[in-house]
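In what follows, a single structure is set out as structure tokens and then discussed.
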Amino acid sequence: MYSLYRYVSTQKRTCPLLSVQPVRGLVDEKFQFVVTNLPPNQKVTLHSLHQSDDKDFWEAFGHYVSDEHGSVTGFKHESLGGTYEGTEPMGLLWSMRPIPGSRHGLRLRKRDIFRPMEVCISVYSGHLSQGFSQQTPLATSVTERWYVAPGVKRFLITHNHSSSGPYPGVLDLWGASGGLVEYRSALLASHGFASMALEYLAPEDMRLEDTDASYFEKAYQILKNHPMVKKDHLAVLGLCLGSVIALSMVSYSKVIKPQCCVCISGSHLMPVDKSLSELFEEMKNHADKLYVNENNQVIHRNLILSLPCQSAKVDVGRIKCPLLLVNGDDDQTIPAVESAEDMAMMMEKAGNRHLLEILTYPDAGHLIEPPYSPHFRATNFKLQWTKERIVMLWGGQTKPHAYAQEDAWKKILAFLWQHLASNVK
């Protein structure tokens with residue numbers, strides 16, 4: 001049986017000591033670990049363990065050899081094996097995977113943003129790859145990873161609240177998995193933005209047929225008129241279906257006029273000109289284009305490429321604000337790279353190519369999340385247009401995908417500040 005808190009040795013100095021700093025930090029903040037008081041050239045395993053909000057256990061581990069001083073330092077020494085290799089202290093997070101015997105197709109997502117992600121980091125003698133719960137660690141430390149910085153407040157959009165501010169605003173649109181996903185918005189707020197996480201796939205008391213342009217325009221106006229938000233300092237940020245919606249709204253809406261837009265793993269080949277229900281019906285009609293590989297994983301990108309909407313694709317030549325596209329070139333869900341290339345040509349022809357910036361990451365997949373999030377190559381997923389439960393292949397390789405998440409997040413924040421912090425006339 002796994003327990004997040006393990007025995008910590010309290011004997012004399014000759015016992016190994018493990019330090020993890022900072023003890024508390026934001027999820028996009030690096031930590032460093034140092035193990036001391038080991039014999040020189042001793043083989044040890046650094047192991048991380050986390051119990052998710054869904055009560056599943058996740059782990060990662062690296063194999064190290066102590067130096068001549070009997071130390072192992074994360075930013076200095078290489079992992080020789082395990083779930084990650086190289087000088088990668090954050091590999092203890094981004095290479096996490098469900099422990100052996102877990103449910104299949106899991107995805108790690110933070111549901112309660114006001115509780116930290118607690119990670120138990122332990123050091124074991126020898127190079128271990130399994131059976132950690134049956135071994136006694138040489139030393140253990142627990143670090144807290146937060147999406148919410150001190151002072152960040154959360155409001156349901158039912159009343160106006162007066163507080164500090166105003167701040168630049170971000171309308172945050174997640175993908176087709178549905179539900180209210182708040183952790184990216186919480187992290188944006190921790191970096192100084194008033195971020196509104198919008199639930200749009202059949203929220204309570206609302207039919208999917210009614211989720212059309214007017215729904216997103218109303219949300220944008222609520223954000224724009226909120227007393228904590230600078231009225232002319234707004235952005236729209238989307239992932240997957242959220243990016244599809246963002247591109248349509250920024251191109252056609254007379255209400256949604258942000259100062260910039262960020263689209264992660266999106267496409268202009270699925271215009272949202274009516275309701276989401278009609279878009280899903282169109283995709284349902286082409287469900288035969290879904291490809292299932294030898295591992296029974298669904299490759300979704302071929303369906304998007306087969307949609308008969310080439311003449312009706314989003315006219316991105318109408319976009320008037322800076323646009324950042326963030327893509328992985330191993331995205332198996334959306335043809336994001338091909339879409340970005342076509343969008344660049346369309347904008348070049350329309351004369352607004354100077355507004356477009358494209359980041360394409362080699363061997364990164366579809367789910368480009370905040371830094372140090374574990375990489376999910378394939379997970380369980382419910383298709384919104386058929387309600388069928390499948391295993392979706394997102395794509396990507398673990399280490400390059402981790403690099404993409406870290407680099408993209410820095411550049412997304414810089415892009416937002418560049419276009420939202422300046423005085424807009």
_Of the conditions (1) closer than 23 Å to ALA421 by Cβ; (2) aromatic (Phe, Trp, Tyr); (3) open to solvent by 10 Å² or more (accessible area, probe 1.4 Å), TYR220 satisfies every one except a single condition; which number is it?_
(3)
*Count of residues meeting criterion [open to solvent by less than 30 Å² (accessible area, probe 1.4 Å) and either under 24 Å from the mean Cα position of the chain (by Cα) or closer than 15 Å to ASP407 by Cα (or both)] in segment 351-371*: 11
*Taking only segment 27-39 into account, find how many residues are assigned to a strand (DSSP E or B) and open to solvent by less than 30 Å² (accessible area, probe 1.4 Å).*
2
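Check every one of the strands (runs of 3 or more DSSP E) wholly within segment 352-397 and list those with 3 or more residues that are in contact (Cβ under 8 Å) with a residue 12 or more places away in the chain and closer than 30 Å to ARG318 by Cα. Don't jump to the end; show me each part of the working.
Values: elements: 356-361, 378-382, 389-393.
Output list reads 356-361.
So for segment 97-107 (the condition being in contact with a helix residue (DSSP H, G or I) (Cβ under 7 Å, 6 or more places away or on another chain) and touching a residue at least 60 places away in the same chain (Cβ under 8 Å)), does at least one residue qualify? It would help to see each step written out before you state the result.
As a first pass, look at segment 97-107 and keep what is in contact with a helix residue (DSSP H, G or I) (Cβ under 7 Å, 6 or more places away or on another chain): none.
Scanning segment 97-107 turns up no residue that is in contact with a helix residue (DSSP H, G or I) (Cβ under 7 Å, 6 or more places away or on another chain) and touching a residue at least 60 places away in the same chain (Cβ under 8 Å).
Among the residues of segment 323-350 satisfying the criterion of being more than 23 Å from ILE299 (Cα to Cα) and touching a helix residue (DSSP H, G or I) at 6+ places or on another chain (Cβ under 8 Å), which is surrounded by the fewest Cβ atoms within 10 Å (Cβ to Cβ)? I'd like the intermediate steps shown before the answer.
We begin by selecting, within segment 323-350, every residue more than 23 Å from ILE299 (Cα to Cα); these are 323-324, 344-350.
Narrowing further to those that are touching a helix residue (DSSP H, G or I) at 6+ places or on another chain (Cβ under 8 Å): 323-324, 344, 346-347, 349-350.
Numbers: LEU323: 25, LEU324: 24, ALA344: 15, MET346: 20, MET347: 20, LYS349: 10, ALA350: 14.
Checked segment 323-350; the qualifying residue surrounded by the fewest Cβ atoms within 10 Å (Cβ to Cβ) is LYS349.
The values are calculated or read from the model by the stated rules, or taken from the named source; none is laboratory data. On a predicted model such as this, the values are computed, not experimentally measured, just so you know. Note that we place each Cβ from the backbone using ideal geometry, even for glycine, and neighbour counts take in every protein chain shown. Note: areas computed on protein heavy atoms with side chains; ligands, DNA, RNA excluded. Shrake-Rupley method; radii C 1.70, N 1.55, O 1.52, S 1.80 Å.
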